[in-house]
Amino acid sequence: MIVLGVESSCDETGLALYDTEHGLLAHALHSQIAMHQEYGGVVPELASRDHVRRALPLLQEVMQKSGKHKQDIDAIAYTQGPGLAGALLVGASFACGLGMALNKPVLGVHHLEGHLLSPLLATPAPAFPFIALLVSGGHTQLMRVDGVGQYQLLGETLDDAAGEAFDKSAKLLGLDYPGGPAISAMAERGQTGVHLFPRPMLHSKDFNFSFSGLKTAVLTVVKKSESPLSQTDKENIARGFVEAIVDVLVAKCVNAMKHTGLKRLVIAGGVGANRQLREALNAAASKKRFAVYYPELQFCTDNGAMIAFAGAMRLKNNPALATTDYGFNV
Ligand code: KG4
Ligand code: ZN
């Protein structure tokens, strides 16, 4: 079965073809980051318009790369939500229009399920069951995953998501949107121990997170500075921030592994691309004797491959999920 995936929930238009027999056949992505950067964040109206512009050329690119014809597509999976309403509508309309034209069924996929299953596209893929840490721009969740569609939420952020904390703190240091990768690079050059930021909820007995206080702590240091921050000041603040957030994320993962007794930890979402987080998780995993799995770097942030894959997995379990009733809810 060949499934076309369409992702358009925020500022990336992603299309991909996944074959349940042969794996990922091709994928294509357009990131709108450069377009939104001058506004300091995503402008929803601009995002929607750009998805309209990009969808068809990306489809052509995917078809060409895969060597397949549109008639070879068995079903079309599109991101149903959560995300920006206008942006989601573009992907849903595109998928349904294409489905109608080709006489192929469509199905809506939950964006977070796409992220959650994305490490299964990598080699080696983790076997079920596993604990998943989903760390994206909009969500931070710890989950127990027993199979496709079998998800148990263990804990989540009570306020800001991890990616949001990265982006907001980066902005306070004068870095462009989205600041996650930039503040991480800046932290590499900073000195450890100069700023000891709070580790919110580190010792709470649950699996919840809270990151808004951490961002406020960064703001306080920035505001308190009497002269404009030097590059070294910024690097040291970045270092302190990254160390604090990584400490909390790793500690909660270790607790979840211990609590459930599972031996596989899976990381998903944009912050999963973070080098310091990966290093700290790898160290904890070898110390505590569990295995940790990541998506390929290119599939940490939003992409069409994860939607094609999640759609294909859903359909494998239940082909009746795909519909030729092209009404959609986003
Ligand atoms: O998963 P994603 O593409 O979007 C959502 O579904 O929200 O994640 C985007 C988030 C942004 O906040 C971005 O700053 C963060 O992931 N991110 C990173 C890194 N790469 C992306 N944060 C820290 N370090 C990175 N290397
Ligand atoms: Zn995402």
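Worth a mention:
- Any chance LEU134 is crowded, with 21+ Cβ neighbours inside 10 Å, in contact with a His (Cβ under 9 Å, 6 or more places away or on another chain), modelled with pLDDT of 95 or more and not in a helix (DSSP H, G or I): yes
- The listed residue being over 22 Å from VAL330 (Cα atoms), of a type outside the set (D, E, K, R) and away from ligand 2 (no atom under 16 Å from the Cβ), out of PHE130, PHE94: PHE130
- Filter pass, LYS234 being charged (D, E, K, R) and in contact (Cβ under 8 Å) with a residue 60 or more places away in the chain: yes
- Residue in the stretch 236-243 that is surrounded by fewer than 24 Cβ atoms within 10 Å (Cβ to Cβ) and closer than 13 Å to VAL135 by Cβ present: no
- Among the residues listed as VAL109, VAL145, the single one being away from ligand 2 (no atom under 15 Å from the Cβ) and not in a loop (DSSP other than H, G, I, E, B): VAL145
- Selected residue (only one of LEU59, LEU4 is buried (at least 18 other Cβ atoms within 10 Å of the Cβ), touching a residue at least 40 places away in the same chain (Cβ under 8 Å) and either assigned to a strand (DSSP E or B) or more than 23 Å from the chain's Cα centre (by Cα) (or both)): LEU4
- Residue match in the stretch 217-240 (condition: closer than 20 Å to GLU156 by Cα and within 13 Å of ligand 1 (Cβ to nearest atom)): no
- Residue that is surrounded by the most Cβ atoms within 10 Å (Cβ to Cβ) [pool: residues in the stretch 244-279 that are more than 16 Å from ligand 1 (Cβ to nearest atom) and assigned to a strand (DSSP E or B)]: LEU265
- Residue satisfying all of: in the stretch 151-175; of a type outside the set (A, V, I, L, M) and more than 19 Å from the chain's Cα centre (by Cα); farthest from GLN32 (Cα to Cα) among these: GLY174
The values are calculated or read from the model by the stated rules, or taken from the named source; none is laboratory data. From a predicted model like this one, the values you see are computed outputs, not experimental measurements. All Cβ positions, even for glycine, are placed from backbone atoms using ideal geometry, and neighbour counts span all protein chains on display.
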